[in-house]
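Some notes on the structure that comes next.
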Amino acid sequence: MTHLTLENLDVRHGQLRAVKHVSISIAKSEILALVGANGAGKSTLLRAIAGAHRPASGRIMVSGTDITPLQSFQRVAAGISLVPEGRKLFQDMSVEENLIVGGISARKGGWTVAKIFEAFPNLVKRRHAKTGTLSGGEQQATAIGRALMSNPEILLLDEISLGLSPAAVDLVYASLEIAKAGTTLVLVEQDLSRAMNFATRIVCMLEGQFVLDAQTQDVTREQITEAYFGNRGRGH
Ligand code: ATP
């Protein structure tokens, strides 16, 4: 069943068309990795889906309902949650307080503060620490936990590995293995190996457009790399 649909989506920064006429259907519980070079338009696309950036034209649909006119807080109620690039935590608040804030006006669902600490056991000892004092990996775990507290059906994750040690990235992905159950995931991931190991589907973006869209099992690393650098046209 199609869960998230983008129809002819155009997103601009002033005169710049960062996302150009993008269309895609994403099925329920699919794990889609969005890859592409810096400036390809990945973050802009995630922000448009979350309602942080209004598209110039096109439609965003969740389970067949047009959510394009909705503001970001209304999209949370519609089941969309974004873990933004750079995490954007409340630095003067503790881990637990950040999680509680994430649960304000949450949809009905199974995520509670206790469940987040079960999924992210490395956060337990940091429960009362201000997030500004945490390691990068702990901050990322808190940001994902905060997003989960709204009980999203569609979780958007922007560059969750950025700036983290390989060990910290391992921990974050191990927790995502638990968190992904029943959730549709769209993640921007610069690390192609991570993307290919975790995602069921890979979409490559180049200059605001999708240039590759394939099930992970059907595509090679070389094909993705070629699409990434624009050496080939549209392909699968
Ligand atoms: P990165 O990996 O560097 O975050 P990205 O694929 O996520 O890249 P975007 O950040 O979406 O790409 O940027 C797409 C285009 O839009 C780029 O040309 C970028 O310079 C431009 N852009 C992004 N944010 C803004 C902004 N706030 N104002 C103006 N232009 C912007």
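The values are calculated or read from the model by the stated rules, or taken from the named source; none is laboratory data. These figures come from a predicted structure and were not determined experimentally. When we count neighbours, we look across all protein chains shown, and the Cβ atoms used for this are built from the backbone with ideal geometry, even at glycine. Surface accessibility is based on the protein's heavy atoms, side chains included, excluding ligands, DNA and RNA. Shrake-Rupley method; radii C 1.70, N 1.55, O 1.52, S 1.80 Å.
General observations
- If you go through segment 1-52 and keep only what is among the β-branched types (Val, Ile, Thr), farther than 23 Å from residue 192 by Cα and open to solvent by 10 Å² or more (accessible area, probe 1.4 Å), you end up with 2, 5.
- Restricting the search to helices (runs of 4 or more DSSP H) fully inside segment 72-182 and requiring at least 3 residues that are open to solvent by 60 Å² or more (accessible area, probe 1.4 Å) gives 72-77, 113-119, 166-179.
- Residue that is more than 16 Å from the ligand (Cβ to nearest atom), outside any strand (DSSP E or B) and over 25 Å from residue 193 (Cα atoms), where the choices are 55, 69: 69
- Close pairs (8 angstrom Cβ cut-off, 6 or more residues apart or separate chains): closer than 19 Å to residue 8 by Cα in segment 18-43, of a type in the set (Asp, Glu) and in a loop (DSSP other than H, G, I, E, B) anywhere: 20/207; 34/189; 40/207; 41/207; 43/85; 43/159
- Residue list for segment 25-42, restricted to those being in a strand (DSSP E or B), within 16 Å of the ligand (Cβ to nearest atom) and either more than 26 Å from residue 152 (Cβ to Cβ) or touching a Ser or Thr at 6+ places or on another chain (Cβ under 7 Å) (or both): none
- Near pairs, Cβ below 8 angstrom, 6+ apart or cross-chain, from segment 86-100 (touching a residue at least 40 places away in the same chain (Cβ under 8 Å)) to any residue that is acidic (Asp, Glu): 90/97; 95/138
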